[in-house]
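Participant: Quick one: the structure is below, questions incoming.
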Amino acid sequence: MLAKVGKKRPLSRYLKDFKHCQTHCCQCGKPLDRMTLVFRGQIINKEAIAGMDQLIDDTVWQSLTKELTALCRFCSVISCNSEPNYFDIKAFKQYLFEQTAMSHSTIREYVVRLRRLDEILAARNYPHDKFEHPTGPQALIEEIPDAGQSNYRIALRKYDQYLHWQRNF
Ligand SMILES: [Zn+2]
């Protein structure tokens, strides 16, 4: 009887093949020109891939792909490089992509504004329990002068829509 022995190849080979097959960002659907591979929430760069020479077979690879995503630069930055303090920026971004018809560049603008506002709040040590208070992010406008600027105001309004949507989801 022939036992089926899985052919083994280096993990780096699998990853390179995987990279070549990806055409669109997993999170926002944008066609990928420059892509970032993310495994278990960590970005794996070219050098790291080159060093992954352990031999694996298709079965192992299949299980690994469940935790592997190809993202555009923008989505990878939001997913991996940011530690939002107050706003759930990653979920907000996905909401805009999946629940609204906004363009990629508009979404980007909203996300960037909210990230900046998040940094302002962190720099001021804005109390977290106050932020979670049911009056919601709109209350910030009265308390944080920067938040009153129209570009932040608009982003906050969108974030409020997201929170509302999430509550009724
Ligand atoms: Zn993306």
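A short reminder: the numbers here are calculations on the coordinates, not readings from a lab. What you see is a predicted model, and the numbers here were worked out from it, not measured in a lab. Here the Cβ positions follow ideal geometry from the backbone for every residue, glycine too, while neighbour counts run over all protein chains shown.
Participant: For the chain, what does the relative contact order come out to in percent, with C-alpha contacts under 8 Å and a separation of six or more?
Facilitator: 20 percent
Participant: Quick check: pseudo-label points 7 Å beyond the Cα along Cα→Cβ at Arg34 and Thr59, how many nm apart are they?
Facilitator: Simple spin-label model gives 4.0 nm for this pair.
Participant: Where a Cα-Cα gap under 24 Å defines reach, which lysines qualify for Lys8, not counting those fewer than 8 residues away within the same chain?
Facilitator: Output for Lys8: Lys16, Lys19, Lys46, Lys66.
Participant: When a/c reaches 1.5 or more, the comparison of a/b and b/c decides; with that in mind, is the chain rounded, prolate or oblate per its Cα gyration tensor?
Facilitator: Verdict is prolate for the chain.
Participant: Got a sec to turn the phi values of region 27-35 into Karplus ³J(HN,Hα) couplings, 6.51 cos²θ - 1.76 cosθ + 1.60 with θ = phi - 60°, whole Hz, x for Gly and Pro?
Facilitator: In residue order, the calculated couplings are 9, 10, x, 6, x, 8, 9, 10, 10 Hz.
Participant: What size of dipole, in debye to the nearest 20, comes out for region 84-167 about its Cα centre when the only charges are +1 on Lys and Arg C-beta atoms and -1 on Asp and Glu C-beta atoms?
Facilitator: Here the size comes out at about 260 debye.
Participant: Once you have a ≥ b ≥ c as the square roots of the Cα gyration tensor eigenvalues for region 9-79, tell me rounded if a/c is under 1.5, and otherwise prolate or oblate according to whether a/b is larger than b/c.
Facilitator: prolate
Participant: Against the longest alpha carbon principal axis of the chain, how many degrees, from 0 to 90 and to the nearest 10, is the axis of helix 150-167 turned?
Facilitator: 70 degrees
Participant: Now for a different question. Hey, can you rank 88-97, 33-42 by average C-beta count inside 10 Å, highest first?
Facilitator: 88-97, 33-42
Participant: Going toward the positive end of the dipole of the chain, with +1 on Lys and Arg Cβ and -1 on Asp and Glu Cβ, which of Ala101, Val60, Ser79 do you reach last?
Facilitator: Farthest towards the positive end: Val60.
Participant: Rounded, prolate or oblate: pick one for region 84-167, where a ≥ b ≥ c are the square roots of the eigenvalues of its C-alpha gyration tensor, a/c under 1.5 means rounded, and failing that, prolate if a/b is larger than b/c, else oblate.
Facilitator: Verdict is prolate for region 84-167.
Participant: At what distance in nm do the modelled label points of Glu143 and Ala50 sit from each other, each positioned 7 Å from its Cα along Cα→Cβ?
Facilitator: It works out to 5.0 nm between the two label points.
Participant: Please find the FRET efficiency linking Ile43 to Glu109, where r is the Cβ-Cβ separation and R0 is fixed at 30 Å, and quote it to the nearest 0.05.
Facilitator: 0.80
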